[in-house]
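Below is one structure; the comments refer to it alone.
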Amino acid sequence: MIRNAIKLERIGGFTALLWVVVVVTDIVLNVVLIGQATPRLAVRAIGIATLSLAVIFFPLGRLVWIRRAEYTRFRELFTLLSDGIIVMNPERTITFINPSAVTMTGFKLHDSVPYCLYCQNRSLLPGQQRCLLADERKRHYFESELPTNSGNVPVGMSRTFLSRRAATSEQDMVITIRDVTAEKREEELQLSRRLTHHAYKIQEEERKRLSQDLHDGISQTLYGIGLGLEHLSRHLHQPESEQEVRLLHQQVKEATEEVRSISHSLYPAALDRIGLVATLRTMAQTLCSPRRTVRFSTNCKEEPPFHPDASVHLYRITQEALHNAVMHGHAAKIHIALLQQGGTVRLTVEDNGLGFSMAESQFGYGLRNMEERARAVGAQLTISSERKRGTKVELTVGIRDLELPSLERVEK
């Protein structure tokens, strides 16, 4: 088609040029051969003939040339597409393949396209074709693994059919393939994130229930026993018995405080009452002692609009970082910072404790727990430490991620 377009346009251009030459010749002959009609008539006949040829061939060649330009543009489009395009005949022999498909599969022109793994293993009924996309004309998209020269590649495939050939009535099938490896990996990460969030949600609900049971059950019982012992000590007149009752009363008070402490550690009820910012500030004040200073700073003028589940995750990460700073780092100074900058939230817990070597350290359950919680809210967690130079735990996350709209689909 392209060669014919070039030939037709050249013929049309040549005949147009010839017609111009004939017209000029006719004018010259009119001047030179005055009174001789025969040569002039012959020249004019040639001019009319060449003009007719120019009128026929030049537009026809131009039309085919335009079609050639359109063909070139479409071919350039197929060449630049990031998706692979493979055209194959009914015998699955490649008749056209674009560079993206070559890069993705390693196939070349005239190679035979193998069936995807699903089609290789699917059961066939009488009359069915092995290729699912060729067999089910209503199905336009399908995902499977395609055997390539470099191994099996997860791909998304869509297909269409070219018009039938007049001679054989066969139809070539056009397959568009797209490497979905990154998408599959992202789906797996999203699924892992949702499952982790769901597991923590169940864990926090169970902790909340146990915390309420301790507060409403054992704690109240111990409080009642303490009141009874106090009342009993007032009616005893024997110094030895009174001393024993007072000792029992003191033990009951200590047990009550211990139960209350366990209840608070199981679930931070203050989060529901006063919010994350105030709870972190209270936590810092509680951990202060004559030997330890814990400072909390924030630029949040009001309670951030975090999802309650996200607030629990941030609280637990802070709690674990503080526990490590006090118990393992023996830190004398700890700084907790909750900063909001644009659409990003940064939570930092930094201490001046003993620190540890990142190269030699094997992260324990607590650090892995922080990483899983950070992953559950889509945050980036960075832990840096050096021996005798303290430890810094920094969490960075977008505010929209802390709203957790995608993770709530798990409950649905």
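Coordinate-derived values only; no laboratory data. Here the structure is a predicted model, which means the values were calculated and not measured. In this analysis, Cβ positions are derived from the backbone assuming ideal geometry, glycine residues included, and neighbour counts consider all displayed protein chains.
Annotations
- Highest mean first, the peptides 183-194, 311-322, 109-120 sorted by other C-beta atoms within 10 Å per residue fall in the order 311-322, 109-120, 183-194.
- Backbone N under 17 Å from the Q203 label point (7 Å along Cα→Cβ), restricted to region 323-339: 323-324
- Normalised contact order of region 269-412, rounded percent, pairs of Cα under 8 Å and 6 or more residues apart: 23
- Set of lysines with alpha-carbon distance to K184 below 30 Å, sequence-local pairs under 8 removed: K108, K138, K201, K412
- Net length gained if the chain between K184 and R122 were fully extended (0.36 nm per residue, minus Cα distance): 20.1 nm
- Estimated FRET transfer efficiency when R0 is 22 angstrom, pair A337-S357 (beta carbons, to 0.05): 0.30
- Dipole size of region 269-412 about its Cα centre, with +1 on Lys/Arg Cβ and -1 on Asp/Glu Cβ: approximately 480 debye, rounded to the nearest 20.
- Residues E230 and V174, FRET efficiency given R0 of 60 Å [Cβ-Cβ distance, rounded to 0.05]: 0.10
- The modelled label-to-label distance between T396 and A278, using points 7 Å beyond Cα along the C-beta direction, is 3.2 nm.
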